[in-house]
Each structure stands twice: as structure tokens, then as C-alpha cells.
1. Under a 1.4 angstrom probe, counting protein chains only, how are Tyr21, Tyr55 ranked by accessible area, largest first?
2. Stretched out fully, how many nm does the piece from Ala533 to Arg107 gain, at 0.36 nm a residue minus the Cα gap?
3. Which part of the range 126-162 falls in the paramagnetic zone of Ala227, meaning amide N under 11 Å from the point 7 Å along Cα-to-beta-carbon?
4. Let me see the P(r) profile for the range 436-587: every Cα-Cα distance counted, bins of 10 Å, each bin given as a percent of all pairs.
5. Heavy-atom accessible area per residue, the range 38-158, 1.4 Å probe: how many Å²?
6. Could you give log10 I(q)/I(0) at q = 0.09, 0.11, 0.16, 0.21 Å⁻¹ for the range 69-219, computed by the Debye formula over C-alpha point scatterers of equal weight, without solvent?
7. Can I get the semi-axes of the range 31-97's equivalent ellipsoid? Compute them from the C-alpha gyration tensor as square roots of 5 times the eigenvalues, in angstrom, largest first.
8. What's the extension gain from Arg211 to Glu355 if we count 0.36 nm per residue and subtract their Cα-Cα distance?
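The values are calculated or read from the model by the stated rules, or taken from the named source; none is laboratory data. These numbers come from a predicted model, not from an experiment. Heads up, the Cβs are rebuilt from the backbone with ideal geometry, glycines too, and the neighbour counts pull from every protein chain shown. Ligands, DNA and RNA are stripped out before the accessible areas are found, and what is left, the full protein with its side chains, is counted by its heavy atoms. Shrake-Rupley method; radii C 1.70, N 1.55, O 1.52, S 1.80 Å.
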Amino acid sequence: MSIKHNKARAAVLGLALGDAYGRRLEFLRGEQVRTTPAGPGHDFMWTDDTHMSLYLGEAILDFGGGALHADEFGQCVGAQFSAWLADPLTPSTAPGNTCIAGVQAWRRDHDWRSSGVPTSDGCGAVMRIAPLPIRFAGAELAEAAEIQARLTHGHPNAAEAAVAASWLTRELLEGRPLSTDLIAQAVARFSDGTWSSTGGTTAEALRAAVREAGASGRWLDEAAIPAGDGGWRSPSALGLALAAALRWGVDAHGEVTPERFAEAVDRAARIDGDSDSVACLTGMFLGAAGGMSSLPSDWLAALPQRGHIAGLVDRMLAQAEPLVTAAPEDVWVAVADLHGHPAHLDRLLEHLDAELGDRWNLVTLGDYVDNGPDIPGLLERLIALREERGDRYVPIIGNHDVACLRAMGWPLDNGPDRRWCAQWSRNYWSPGGSTVEAYGARSAATLAEAMPPHHKAFLRSLPWLHDTGEYLFVHAGMESGPLGPQRRKLINQLLPATASWLPPQLREKALAGVSDPSWERVVVSGHTKNPAARTGITRHAPHVMTPTRVCLSGEIDQSGVLYAIELPSRRIWSVDASGNVSARDTQGVESSSPRTEEHALRRRPRAR
């Protein structure tokens, strides 16, 4: 089964929220740990739990697509954990001694099988697993979880807990409810040989978690979860987190609310043990179970590097080949360049919701800044849409958005990039419609000070494409030839060596007419005004449509018309400058023309 993108984001963000909440309480004991204030406004910064998770996510991106190869993946994890150890932020996140020792051993020998400290089953092996079930499933997930655990922790408990936590999270990401039955199934996988059991105590800790979930009392009983150490070891951290999530985080129907999330994380953190690790695992499980709507909004607003964390998850989602691609009845709507026009978007959504109900998916094709009347209003609306619609809405980035980010100093974050300030001002703005003016900044160089942090975080979090397995959504288009290498560069957000330029897939208007019959996906883009006139493919003017290609006319900033396409029907929706909405059936137009096997408008076979 495929995972739900909304839940994947919430799992990793939920981990970071629990981690940040527990940080302040980790080394407190007794009455002090029960009563000390925690949460936003109280040293709300995550620790090595989240930090190592993010580096594990980068290792997964480095590994790329395809089947799991143990040694190759182990090298990717080792290299990224080595980068984690060298990160100037790492000392302030209170890294564990075992993790440090394991990474240092890997640096010396580059052997993940032997680098882990043999006697250690510390919770560092399980606290960081959140990215794994986004990318892997089944036997590959179990193997990947064991590899990353053994790189730092050599005790059997470490690998067992990482495997069990990864499987449970994957089940939640696929839509299973968090319940005692689910945990019982995890225990059974140790018993029936699905997972190799090498003498560890993880199954015993899972059974104890089920018992503790049904106990009474205001606090968790650390002694009830083997080995009774309050979460410092992997099995007890996993058991305590599951007990807290089940006892306070979900209702009788398996639902998670922000209030329940907050209560469960609070109870998980107020133990005489490893508060941040138990709380982060609790947050991960509840986020995976409840999705973004289950996370407290005030916690999210205060979370450091929220945009970076969400962006990493979106990059991983874009990279992962769907195990089950979109079903035939799934409907996608792609919206061309919006350029500061939230009113057009709202009119379109009003009509689409009325006609399609709530069983359709939305992609906006980038270019949100520049040239329009209400750029801040549009970004605010898109941020709200992502919260409201969860994994049914995916915004991707456009060349104007990247130019704006680069002018503000992304990705080096060393202050404004004056070369890009000049490039952006000279080549991207229309008179009277600049982003700088919209935010009341004096110049491109001062925009970063004027733009609200959550607007900057939104732009930074945007993936550079979205791939469903049937449709590949990108801003400008793809070059002829295999899609795989191009996808990988966009997923990893690789910039060309020339500092003032961008990848052709985001800025080259000539790609509007590139349509390769060998592509296994339909490539869908905007970016170019009246691409049909540029390419000579005029049956669907002003748009380009072939069996493997759709290019919408991105002309809202000039003609005032917003275009969108409904897939698989290929019905074109438009909203004009007066707010009038209309739809046109292009399948009918195509079918009136001579058709051949090569040129017929057909659905591509689904990749599996």
C-alpha cells in the first residue's frame, strides 16, 4: 500500500515537536519533572533525536531510488552521520556518547556491520527512525532499520526496537489506526520469524506497553516497561512512547486531536528518564496516526526549522517510487502560475469542490511571487490550503520562487546574494508588481527582513516536482530522454554550477513543446504563455497536449486568465479577470481529429 503524504509530514514534525517539548525536562526528576513548565516559550528547541533523523533522511535521499542494497545504504548512512557529527549545531543538541563512538568507528573503518558499540542498546538507535518508513516498506524497511541501528548500536535490542518502530510507523502512514491490536501484530512478527529475534527484549517491552496503556493513574510507570530504565534503552523508549500514545493520544475510534497529542506528549516527557526521546517517539506515532491536523498549531508555529523539516519530507516523498500509484478513479487538478492572484484560485476551488466533492487532489505548478496584486495574500492562502487539505494538496516551486529565495541568500544563508538580487530585479519583475514592493521592503537585499518567517519557510519547503507514478508535475517541463536522472536532480534540488542560472526544468520555455513518447509518465507544467503558438501544437490552443505531455498557458499576470487541467479527463478549467469560471472538454476536441496509436490521448500504464 502507499503512504499518506499528510501523515508522513506529520510523523517527522510530530517527532520534532515531542523532542522539543521533552528537551527542557530530560534531566529533571521527581516533583520537578512533573511541574516544570515546558512547550513553546520554554527552550523549545529539538535535540539530537530530531537532528539525527534529518541526517538519516538526507542519507535516504543520497541512496536514491531502486531496491535496497545493504552496503550502499550503509555507506550513505555512515557518510551522513559523519556529516552530523561535524555539524556545528551538534554539540548544542546533547548527542549521545554511543552515537558519537559509533560514527567515529565508522569513520575509521567504513564498516556499518562492526562500527556499533557491541554492548549498547541505547535509545539513539530507535529515536531517529522516522524517515525510514517514508522510503521503505516490508523486508527492505526491516533491513534498512537494522543497518542504521547497527552503525552506532551493536546490541540486539537496538536493531529489534528500530525494526518494530519502523514497521509500526509504516502501518500508521498507510492508514492503519494506532491500537493494541497493531502492537500485538508487531509482537507476533518476532514470534513467527518474520523478524529475526536475537535474544533481545523488544517483544517483551511491546507486551508491557499494551498492559501499561490500559493502566490507571496520571503518570507512566517506567518500571513496568522492560528494562525499567525510563527510556534510556531502545526497548523501554519504544514501550513507554507507545503506552503514552495509546493511553492519552487516541480516542476510542483511533482519532488524534491536537489536545490529545499535547497531553500524550506531556505525560511521555514527565518521566524520571529520557524525556525527549520518549516524547519524540510519542509525537512521531501520533503524527503518523493523525496527520497534520492532529499537531498543535501553536507548537508548530514555534518549532525551529519547521520549513526545513517539512521540505526534507517532501523531497523524500518526491523521490520514493509509489508502491501503489494513483488508482484509476483518482482525480488530479494542476493549476498554472498564480503570481499573486488568490482571488482567482478561490473562485476555481469553489467550482471544483462543488463539482468534484472532496475526492480530488490539487497541485499548484509554482510561480507564486512577482507580477501580481496580492503576493502576501496568495502565500497566506497556500499555507492555509496545505493545512486544510493535507496530502490532497501539493504546491511545487517555480523559477520566480527560486529566484526570490536565491536573492534572499538561499541555500547558503549568508545574507542577501547581490548577484541574484540584480538578476531577479532585472529579469523577473513586471512594473508595479514586484514582490519587494508587495512586502514594503526598500530593495531586494532587504526583502528577507520584511517577509514574514512563515512565508519564507513555505517557499523553502516547496519540492521541485511532484511525481504520482502516472503524472509528473514540474514548473517548466522535462528534457527529452529518460526521466530518472532529471527527477533525481530535481528531488535533490541540485543547482547548476553557474551561480546566476537555474535548472532548465524550472526556467526553460522551450521545454513547453518537448514530448517524448518513451516517457512512462505524463509530464504536466505551466510557466510558458501560449505554448501552443510557440510549438505549433495548436489543437488545444493556447495549451500543448500530447499523450505524454500537458503544458498549460501560464498567462495570468498578462491576460488575467488562470488555467487549470483536470486529470485524467483533461478537461481545461479557466477563470477570467472578472471571476467567470468555465470548463472545456479537450478529449472531445482531440477525438474529432485523426487518431493513431502514437498520438491518441491515452492514459499511460501505471508504474508498479
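1. Values: Tyr21 20, Tyr55 40 Å².
From most exposed to least exposed: Tyr55, Tyr21.
2. Numbers: separation 426, 0.36 × 426 = 153.36 nm, distance 5.68 nm.
Going from the current span to full extension adds 147.7 nm.
3. Under cut-off, by backbone N: 155-158.
4. The percentages, shortest bin first, are 10, 33, 34, 19, 4.
5. On the way: 3980 Å² over 121 residues.
It amounts to 33 Å² per residue over the range 38-158.
6. Log-scaled intensity ratios, in q order: -0.30, -0.44, -0.88, -1.31.
7. On the way: eigenvalues 206, 33, 21 Å².
Rounded to whole Å, the semi-axes are 32, 13, 10.
8. On the way: separation 144, 0.36 × 144 = 51.84 nm, distance 4.83 nm.
Gain on extension, Arg211 to Glu355, equals 47.0 nm.
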